[in-house]
1. So what is log10(I(q)/I(0)) for chain C at q = 0.12, 0.13 1/Å, when the Debye sum runs over its Cα atoms only?
2. Using the 7 Å Cα-to-Cβ label point, sort the distances from B:ASP49 to its equivalents in the other copies shortest first and give them in nm to one decimal.
3. Buried accessible area between C and A (1.4 Å probe, both chains summed, ligands and nucleic acids excluded), in Å² to the nearest 100?
4. Please list, in order along segment B:146-160, the HN-Hα scalar couplings obtained from phi with the Karplus expression 6.51 cos²θ - 1.76 cosθ + 1.60 (θ = phi - 60°), rounded to whole Hz, x for Gly and Pro.
5. What list of ³J(HN,Hα) couplings, whole Hz, do you get for segment B:24-33 from phi and the Karplus terms 6.51, -1.76, 1.60, once you set θ to phi - 60° and write x for glycine and proline?
6. Suppose we keep just the DSSP beta bridges with both residues in chain B; what percent of those would be antiparallel, to 5?
7. Quick one: how many Å² of C:THR159 are accessible to a 1.4 Å probe, rounded to 10?
8. In degrees between 0 and 90, to the nearest 10, how far off the longest principal axis of chain C does helix C:112-132 point, with axes built from Cα atoms?
Amino acid sequence: MIIEERLADMGLVLPEPMVAPAGVTVPIAWARRYGDRVYLSGHTPLHADGTIAGPFGRVGSKIKTAQAYDAARRCTLSMLASLKREIGDLDAVAAWLRIEGYVLTAPGFYQLSNVINGCSDLLGELFGPEIARHARSSIGVAATPFDCPVFLAAEVAITSGS
Amino acid sequence: MIIEERLADMGLVLPEPMVAPAGVTVPIAWARRYGDRVYLSGHTPLHADGTIAGPFGRVGSKIKTAQAYDAARRCTLSMLASLKREIGDLDAVAAWLRIEGYVLTAPGFYQLSNVINGCSDLLGELFGPEIARHARSSIGVAATPFDCPVFLAAEVAITSGS
Amino acid sequence: MIIEERLADMGLVLPEPMVAPAGVTVPIAWARRYGDRVYLSGHTPLHADGTIAGPFGRVGSKIKTAQAYDAARRCTLSMLASLKREIGDLDAVAAWLRIEGYVLTAPGFYQLSNVINGCSDLLGELFGPEIARHARSSIGVAATPFDCPVFLAAEVAITSGS
């Protein structure tokens, strides 16, 4: 349980599954394992109890880059929590293959990389450079689920036998 | 031909390949099989004859959520039609792995999940919860092909030997 | 080195790795090989020396469709350069599986296919119709890295043993 020990050492907590707001149903798998791959749905920042975490709004106006970086870090914890529930042990991750980082942008903001680094940096700290090494697209979007400033999707390879 | 029987029982018809509007060329594969995977291009709603189906415009202003849900359902039929042409038999689908649902949003609209549920619900009805179980990202975008309110892309696993 | 000979015959040059602008760090893999797959990050147009190539701005207002088509072609060269650095030989490409083409759109512009054809056409010319055959999504976005009019991500299969 190396990865979970690192999370604990860093004071980070994996949140409960997302609690959908009233009127919203989400009939999907947050993580979908098939063979040696796990596909991760678009994940928003969550509080430890699974409620959606603010701040909300557009990066570059209401939300500053540092806040958005932190939101990307929280999205990563949401992904790790779903991944753990799907495969049991985060140490089974063999490779982070690709990340899509969606940023809710205000007009004129395009420092997208510096936002999604909140995910890439955390993966590097937790998994080390070899396993964390991933392709990434940082995309400025018109709308996100629940008006979150950032959300993240990913594809992961896991060790065979796990 | 279980899936096609279900479609027929539900009164649903798989459309012909997309008829590109004048001035548009689309030099791509609507479905690209490789090994046990099929990659599905971004699909718009289509009429049975392959012409692009309206309504057109932004969800949250001109287009209501219920209309967009229906558009997502129609995009799903477009995907199923391409998938059938590529692999021959929809019963060969082993798993819906990931869906990207792109929604053309008006300012202030972010109930994206309730739109893309038009896809997820139909896949569940047709394929059952185990095969239909998929990761999903619902993304609010600035523009879509042909101003469609929704379009969908996906990755599917098929049974080996099929 | 068939593909590289074709590039040379066409007078096309693969650019150096992206030189990040001041204040931007990009802690990612431009290409991430795992088994027989290579995942390609979102790539912008680059000059031969790796600096980001203009023009910059929105397609449909400042940037015309023909310029955006050319930008998509340049993004493709950026992807090919990263792919070559990751796998050594572009002749090892067995299949272009999927392309995501992100277009920075001005209001009212939705001829997205005609922009991303700059990628699909070049792949067809270089790799031939069978290997180049790919699924594709063309997505109109609110913001792109560095305000580029187009950027592209992809997934590629390579021959086993390569």
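The values are calculated or read from the model by the stated rules, or taken from the named source; none is laboratory data. None of these values were measured; they are calculated from a predicted model. Because the Cβ atoms are built from the backbone with ideal geometry, glycine has one as well, and the counts that use them run over all protein chains shown. Keep in mind that these areas ignore ligands, DNA and RNA; they rest on the heavy atoms of the full protein, side chains included. Shrake-Rupley method; radii C 1.70, N 1.55, O 1.52, S 1.80 Å.
1. Debye output, listed in q order: -0.48, -0.56.
2. 5.7, 5.7
3. 2200 Å²
4. So the Karplus estimates, Gly and Pro as x, are 6, 6, 5, x, 8, 8, 10, 10, 7, 10, 10, 9, 10, 5, 5 Hz.
5. 10, 10, 10, x, 10, 9, 5, 9, 10, 7
6. Just about 70 percent of them are antiparallel.
7. 60 Å²
8. On a 0 to 90 degree scale, this one is about 10.
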